[in-house]
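Accompanying notes for the structure given below.
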Amino acid sequence: MKRNVKLFVAVLSAFVVGCSVNNFAFSNIPSRIAVVDVSQVVSSSSQVFALKNEQEAKAKDMITFIEKARKDVAATTDAKKKAALEEKYNKELNAKKEAAEANYNTKLKAIDNAISNQIASQAKLNNYDIVLAKGVVLYGGDDITEAVKQAVNDSEKAAAKTQTNYKKRK
């Protein structure tokens with residue numbers, strides 16, 4: 001019986017210590033949490049819109065290039081010249097694809113960094129400790145999506161104005 005009481009006291013003590021440690025660990029959770037709908041911010045970005053239009057224009061140019069290449073290859077009757085022409089056009093097409101992809105990835109990364117910086121800036125400005133994607137949060141958090149959209153918009157306008165002024169000086 002004494003042994004059971006000692007075991008019960010030991011287990012109870014371990015439980016109390018565990019709860020205390022657990023409560024202490026959770027007592028440092030930041031109290032200011034914000035959420036942002038990143039897809040809304042991205043879809044409202046003029047840079048994203050411009051990049052999308054640029055990609056569509058490049059796709060049309062690629063289609064035009066491919067149609068021209070097909071006509072040139074079809075017009076050639078000599079088999080060796082036809083093969084050489086096909087190889088030439090394939091190399092040109094691959095080079096254009098790689099250049100377009102590299103350009104797209106560079107611009108997309110810059111846009112992503114700009115949006116991430118604006119989210120961080122808005123979080124610091126409003127003293128938020130954590131910002132989570134809105135789709136991840138089931139309930140709670142202050143929604144800063146509109147403030148981030150406005151900051152991104154203002155930032156893009158300022159960048160466009162600077163770029164316009166730079167072009168005028170040249």
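The values are calculated or read from the model by the stated rules, or taken from the named source; none is laboratory data. If you're wondering where the values come from, they're calculated on a predicted model, not measured in any experiment. Every residue, glycine among them, receives a Cβ derived from its backbone with ideal geometry; neighbour counts consider all protein chains shown. Ligands, DNA and RNA are excluded from the accessible area calculation, which covers all protein heavy atoms including side chains. Shrake-Rupley method; radii C 1.70, N 1.55, O 1.52, S 1.80 Å.
Observations
- Test for Lys80: is it of a type in the set (D, E, K, R), assigned to a helix (DSSP H, G or I) and farther than 22 Å from Glu54 by Cβ: yes
- Cβ-Cβ under 9 Å pairs, at least 6 apart or on other chains, segment 118-129 side at negative phi and charged (D, E, K, R), far side surrounded by 13 or more Cβ atoms within 10 Å (Cβ to Cβ) and in a helix (DSSP H, G or I): Asp129/Ala123
- Subset tally (residues that are part of a strand (DSSP E or B) and not small (Gly, Ala, Ser)) for segment 101-137: 3
- Filter result (out of contact with any Gly (no Cβ under 9 Å at 6 or more places or on another chain) and outside any helix (DSSP H, G or I)) within segment 37-61: Ser44, Ser45
- When segment 5-32 is limited to residues that are open to solvent by 60 Å² or more (accessible area, probe 1.4 Å) and not in a helix (DSSP H, G or I), the one that is modelled with the lowest pLDDT turns out to be Ser27.
- The listed residues are Ala151, Ala50, Ala75, and the only one of them that is without any contact (Cβ under 8 Å) to a residue 12 or more places away in the chain and either surrounded by 13 or more Cβ atoms within 10 Å (Cβ to Cβ) or among the acidic types (Asp, Glu) (or both) turns out to be Ala50.
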